[in-house]
Amino acid sequence: MQILRGKTAVVTGAASGIGLALSQLFARQGMNVVMADIETGALSAAKEKVLCADAEVITVECDVSKPAATDALAQVAQNAFGNVHVLCNNAGVFVGGASWESSAADYQWLLDVNVHGIANGLRSFVPAMIAHGEEGHIVNTASMAGFTTMPFSSVYCMTKAAAASLSECLFKEMEAVAPQIGVSLLCPELINTGIAAAARNRPAHYSGAGDVVETEFSKMTHDAITDSTAGGLDPMVMAERVLQGIKDRQFYLLAEDYWKEIADKRLEEIHDKSNPTMFFPESMA
């Protein structure tokens, strides 16, 4: 897509981080923007950062893990602006800890948001995007964790690998049946977002007795993610990467730093059928 002005974008996880940056950048392009998030207070504050003279912006409370919620989001977007042209399935959450210590609720929460959240967005929006026949683009946010593996982040890595596979399949499906719709997979490196504090939005039905597990490994991982993301890239870097990817119809929007080297090492190990290793590139120093 080269012409974005006057088109409509829907962004989930829009109250902060990459979602907020995407909303800001799309608004600057003169697009209508539908900002969706489960965190209503933060979403209202985020809208004030997005509003500009060239764009119309609305906000919608939405829990992407629920199919009825993404259906309602699609209806609100249609009622407000008509056809949707850019869909950013961006909402995501994180839980750290050892795979055997993470609770069933940990697994279910991350699957419901990081994987089903994308699937629900696709089911709610893509049929209409295909039907209206206009040029469009879908952006699914995964992570470099989708192409690498890290100890004590197993649940997160699993869900991001699933998001990557789903997106690759989607790309081939669009090429076959709706080539006017591009697909991009955004795999960020370390970004200065609040994902380490994702528990602030953890719904009650994932937070019952025994659902929230605190262990030495989970605390260690939480602290490491908090420290590393605090020094990460500005989310606007990701938004600009997405914008260029939409214009270039580029699928893989990957990190170009040491995360790419770690992913390459994993591919080498798969090719050679060698055991996985803890690989730290020299560029990490």
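The values are calculated or read from the model by the stated rules, or taken from the named source; none is laboratory data. These numbers were taken from a predicted model, which means no experiment stands behind them. Reconstructed Cβ throughout: ideal geometry from the backbone, glycine too, with neighbour counts over all protein chains shown. All accessible areas refer to the heavy atoms of the entire protein, side chains included, with ligands and DNA or RNA removed. Shrake-Rupley method; radii C 1.70, N 1.55, O 1.52, S 1.80 Å.
Convex hull volume of the Cα atoms of the range 112-265, normalised per residue: 124 Å³. Rounded to 0.05, the FRET efficiency of the PHE279 and GLN108 pair, given R0 = 35 Å and the Cβ-Cβ distance, is 0.70.
Normalised radius of gyration (Cα atoms, divided by 2.2 N^0.38 Å) for the range 1-90: 0.96.
Converting phi to 3J(HN,Hα) with the Karplus coefficients 6.51, -1.76 and 1.60 and the offset θ = phi - 60°, the range 82-88 yields x, 4, 8, 10, 10, 10, 10 Hz in sequence order, with x at every glycine or proline. Among the listed options [x] 65, 55, 38; [y] 49, 44, 32; [z] 79, 46, 38, the one matching Cα extents along the principal axes in Å as calculated from these coordinates is [y]. If R0 is taken as 30 Å, the Cβ-Cβ distance between VAL213 and CYS52 corresponds to a FRET efficiency of 0.10.
Helix 116-132 axis versus longest C-alpha principal axis of the chain: approximately 30°, rounded to the nearest ten. The local environment of LYS47, defined by Cβ-Cβ distances under 14 Å, has a net charge of -4 under the rule Lys, Arg +1 and Asp, Glu -1. The distance linking the range 18-69 with the range 120-158 is 18 Å (Cα centroid to Cα centroid, whole angstrom). Please say if the range 214-285 is rounded, prolate or oblate, where rounded means a/c under 1.5 for a ≥ b ≥ c the square roots of the C-alpha gyration tensor eigenvalues, and otherwise the choice is prolate for a/b larger than b/c and oblate otherwise? It is oblate, given that a/c is not under 1.5 and a/b is not larger than b/c. Note: relative contact order over the range 34-108, using C-alpha pairs below 8 Å and six or more positions apart, is 24 percent.
Using a probe of 1.4 Å, the accessible surface attributed to THR277 totals some 80 Å² when neighbouring protein chains are kept in position. Between amide H atoms placed 1.01 Å from N, distances below 5 Å from GLY182 occur with GLY136, HIS137, ILE138, all of them 5 or more places distant or on a separate chain. Inter-part distance, the range 259-285 to the range 174-219, computed on C-alpha centroids, equals 24 Å.
Can you compute the equivalent ellipsoid semi-axes for the range 141-227, i.e. the square root of 5 times each eigenvalue of the Cα gyration tensor, sorted largest first and rounded to whole Å?
For the range 141-227, the ellipsoid semi-axes come out as 31, 15, 12 Å.
Which order do the peptides 227-239, 133-145, 167-179 come out in when sorted by mean C-beta neighbours inside 10 angstrom, highest first? Can you show the working numbers first?
Working: 227-239: 16.3, 133-145: 22.7, 167-179: 14.6.
With the highest mean Cβ count within 10 Å placed first, the list reads 133-145, 227-239, 167-179.
If you take all other residues with their beta carbon under 15 Å from the beta carbon of SER283, and give Lys and Arg +1 and Asp and Glu -1, the sum is -4. Relative to the dominant Cα principal axis of the chain, helix 67-81 is inclined by about 30°.
Would you tally the net charge around GLU268, using a Cβ to Cβ cut-off of less than 15 Å, leaving GLU268 out, and scoring K and R as +1, D and E as -1?
0
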